[in-house]
Amino acid sequence: MAESIIRIGTRGSLLALKQSGDVRDALEKAWPGLIVELVIIKTTGDKILDVPLAKVGGKGLFVKEIEDALLAGSVDLAVHSMKDVPAVLPDGLEIGVVPSREDPRDVLVLHGGKALGDVPHGGRVGTSSLRRAAQVRRLRPDIRVETLRGNLETRLRKVREGMYEAIILAAAGLHRMGWQDRITAYLDPSEFLPAIGQGAIGIEIRSGDREIQKILEPLHDPGTALAVEAERGLLRALEGGCQVPIGGFARVDGDRLELTGLVASIDGGELFRVSREGTSDDPGSLGLRVARDLLELGAKRILDEVYGS
């Protein structure tokens, strides 16, 4: 293609810049002559570091300002961690492509042990996620779950300095940064369900921008996109944000799709989990079916208590 410039809107953390930089490098490789610039945009979630996310508005905190720049035309596309993207996008925007997914699992970073069972009685486990906190409390009601905020390197420093006995993070971020050696244990989705979209990156564009869509096509991974759409169908049906512990994870196997969803009470005392299979040609319907099953099991009561009936 003739030499041209496109601008990527991104958060300024090391991990966000790594993700956006990987997208930039892939685009420049796919399209010789294309110049891709990173435009750093500070989001509300980056500015508020002393309050749990669930108390200040949830998922949109890490994307709104970037989406505003995209709608205004000051950037051409945005790179997000899909777990940060609300279930419903603003009018005029869409997820253009979804690249191949990194490891979706949560991981434990622990001093003096190898598994969650090695955290001492009364030990402090740090996380900013209600979903992680609820599942930890369910598995280990004897330990203390405490709020952990800050970027990835800050969180790792806090556990290294002994402020927490352990912390729980997404495997994907540590993998992308090349910090796998910090991981003590991987938490299997069969007993510890990840966040919806965890490990996946979404590239957001203006609706109908076919030129940018074409440029992005070499990065698209259909299997990841199917799995993420099923998970986000579940999230939309539950109308979930960061105020309720909700998890979801889909696997694609040929033309079959398996989705597991979870809704828990904040204290982990109640936890509802459903797995269903469907066809990969209608991932959103599978998400809706899992959501309905969860609501019928008792998740509706939890959601009503938080959001009001």
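The values are calculated or read from the model by the stated rules, or taken from the named source; none is laboratory data. A quick note: this is a predicted structure, and the numbers were derived from the prediction, not measured. Positions of Cβ are backbone-derived with ideal geometry, glycine not excepted, and every protein chain shown enters the neighbour counts.
Is the stretch 140-148 home to any residue that is surrounded by 21 or more Cβ atoms within 10 Å (Cβ to Cβ) and in contact with a Phe, Trp or Tyr (Cβ under 8 Å, 6 or more places away or on another chain)?
yes
Taking interchain pairs and intrachain pairs at least six residues apart, which have beta carbon atoms under 6 angstrom, with the first residue in the stretch 205-231 and at pLDDT 95 or above and the second in a strand (DSSP E or B) and surrounded by fewer than 21 Cβ atoms within 10 Å (Cβ to Cβ)?
Matching pairs, first to second residue: 207/94; 223/252; 226/252; 227/252.
What number of residues in the stretch 15-35 are surrounded by 14 or more Cβ atoms within 10 Å (Cβ to Cβ) and within 21 Å of residue 199 (Cβ to Cβ)?
Residues flagged as surrounded by 14 or more Cβ atoms within 10 Å (Cβ to Cβ) and within 21 Å of residue 199 (Cβ to Cβ) within the stretch 15-35 amount to 12.
Looking only at the stretch 208-220, how many residues end up being under 15 Å from residue 79 (Cα atoms) and in a loop (DSSP other than H, G, I, E, B)?
1
Exactly one condition in (1) surrounded by fewer than 18 Cβ atoms within 10 Å (Cβ to Cβ); (2) in contact with a helix residue (DSSP H, G or I) (Cβ under 7 Å, 6 or more places away or on another chain) is false for residue 162; which is it?
(2)
Taking the condition of being modelled with pLDDT under 90, outside any loop (DSSP other than H, G, I, E, B) and not polar (S, T, N, Q), how many residues in the stretch 1-59 meet it? Steps first, answer last, please.
Restricting attention to the stretch 1-59, the residues satisfying the condition of being modelled with pLDDT under 90 are 1-4, 42-59.
Subsequent filtering for residues that are outside any loop (DSSP other than H, G, I, E, B) retains 4, 44-47, 53-55, 59.
Now narrow it down to the ones that are not polar (S, T, N, Q): 45-47, 53-55, 59.
Of the residues in that region, 7 qualify.
Can you spot a residue in the stretch 234-254 that is on the phi > 0 side of the Ramachandran plot, part of a loop (DSSP other than H, G, I, E, B) and touching a helix residue (DSSP H, G or I) at 6+ places or on another chain (Cβ under 8 Å)?
Yes, some residue in the stretch 234-254 is on the phi > 0 side of the Ramachandran plot, part of a loop (DSSP other than H, G, I, E, B) and touching a helix residue (DSSP H, G or I) at 6+ places or on another chain (Cβ under 8 Å).
Against the definition (in a helix (DSSP H, G or I), buried (at least 20 other Cβ atoms within 10 Å of the Cβ) and touching an Asp or Glu at 6+ places or on another chain (Cβ under 8 Å)), how does residue 155 come out, yes or no?
So residue 155 does not fit the description; no.
Give all pairs with beta carbons closer than 7 Å in which a residue from the stretch 145-161 that is touching a residue at least 60 places away in the same chain (Cβ under 8 Å) meets a residue that is surrounded by 20 or more Cβ atoms within 10 Å (Cβ to Cβ) and assigned to a helix (DSSP H, G or I); count only pairs at least 6 apart in sequence or on separate chains.
If the second residue must be surrounded by 20 or more Cβ atoms within 10 Å (Cβ to Cβ) and assigned to a helix (DSSP H, G or I), the pairs left are 152/173.
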